[in-house]
Amino acid sequence: GRGESLSVPWVPIRDTVMISAAAAVVVGLLALAPAWIAARDRRRIAAPVEQATLLTSALPGVLLALGLVMTALMLSRSTDDGRALYATLTGSGLLLMTGYTVRFMAEGFAALKTAILQLDPRQEESARALGASRARWLGTIALPSIAPGVAASALLLFLAVLKELPVTLLLGGAVGLNTLAFRVWDRYTEALWLDAGIAGLVLLAVSL
């Protein structure tokens, strides 16, 4: 009764897939180091690294995003050209990726650690005994072995970012992002039920 018409939200679909894929790659790569330490390092540093990584997932998205915004404001006020620094931090997507990393690293970390734990130490010992360097062992044995875990980690991160609203809403606005999660929330608050429903169905389809 409000003159609404059926239309596919192509721009939100593009933005959602783009930012989710980019975040999955960035956060997955950053999670690889702590996952390797937690799985392979037998020193005392392994437990604190794992606990610190998992602890980040306990932070609510809204508080995390507001905290990053306040941090950026404090940094900008401490420099002579604060306005330019704040614009760089927010407009470049650096603050947004930092938010995604802190918010979702634990999800990528868990899958990566499980995959790395499945590496057979005897294969590494045999490779070293045959004169293979550590780099060659990593390239020919370790990486192919953990590839399924890396793929699972990337998929989990993609889905996590796909449905995230608070971090994207508060930190992605300066980048110009218009994701499906934002569209659902925006149309719902405006009582545009048809648009909200279509965006929700598309979000579900992309997730599947």
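The values are calculated or read from the model by the stated rules, or taken from the named source; none is laboratory data. No experiment lies behind these values; they were computed from the predicted model shown. Glycine gets a Cβ as well: all are built from the backbone with ideal geometry, and neighbour counts include every protein chain shown. The area values use the complete protein model at the heavy-atom level, side chains included, leaving out ligands, DNA and RNA. Shrake-Rupley method; radii C 1.70, N 1.55, O 1.52, S 1.80 Å.
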Quiz prompt | J(HN,Hα) series, the range 93-99, from Karplus relation 6.51 cos²θ - 1.76 cosθ + 1.60, nearest Hz, glycine and proline x | solution = x, 4, 5, 5, 5, 4, x
Practice problem: Assuming 0.692 mPa s and 37 °C, estimate D for the range 1-80 with Stokes-Einstein, Rh taken as the Kirkwood radius over Cα pairs, in µm²/s. | Solution: 196
Exercise. Write down Rg/Rh for the range 1-134, rounded to two decimals, with Rg from the C-alpha atoms and Rh from the Kirkwood relation over Cα pairs.
Key: 1.15
Quiz item: Can you run phi through the Karplus equation (6.51, -1.76, 1.60; θ = phi - 60°) for the range 131-147 and list ³J(HN,Hα) in whole Hz, with x for Gly and Pro?
Solution: x, 6, 6, 5, 5, 5, 4, 4, x, 9, 10, 5, 4, x, 6, 8, 4
Quiz item: Evaluated at 20 °C with a viscosity of 1.002 mPa s, what Stokes-Einstein diffusion coefficient in µm²/s does the range 133-208 have when Rh comes from the Kirkwood expression over alpha-carbon pairs?
Solution: 144
Exercise. State the percentage of accessible surface on the chain attributable to carbon and sulfur atoms; use a 1.4 Å probe and exclude ligands, DNA and RNA.
Key: 66
Quiz item: How many nm is it between the label spots at L117 and W10, if each spot is 7 Å from the Cα in line with the beta carbon?
Solution: 4.7
Quiz prompt | Nearest-20 debye value, the range 10-86 charge dipole, Cβ charges on Lys, Arg, Asp, Glu | solution = 280
Practice problem: Apply the Karplus parameterisation 6.51 cos²θ - 1.76 cosθ + 1.60, with θ equal to phi minus 60°, to every residue of the range 50-59 and state each ³J(HN,Hα) to the nearest whole Hz, in sequence, with x for glycine and proline. | Solution: 5, 5, 5, 5, 6, 5, 4, 5, 7, 7
Quiz prompt | Accessible area per residue in Å² at 1.4 Å probe, computed on the chain | solution = 57
Self-check item: Convex hull of the range 83-123 built on C-alpha atoms - directionally averaged projected area, nm²
Solution: 4.1
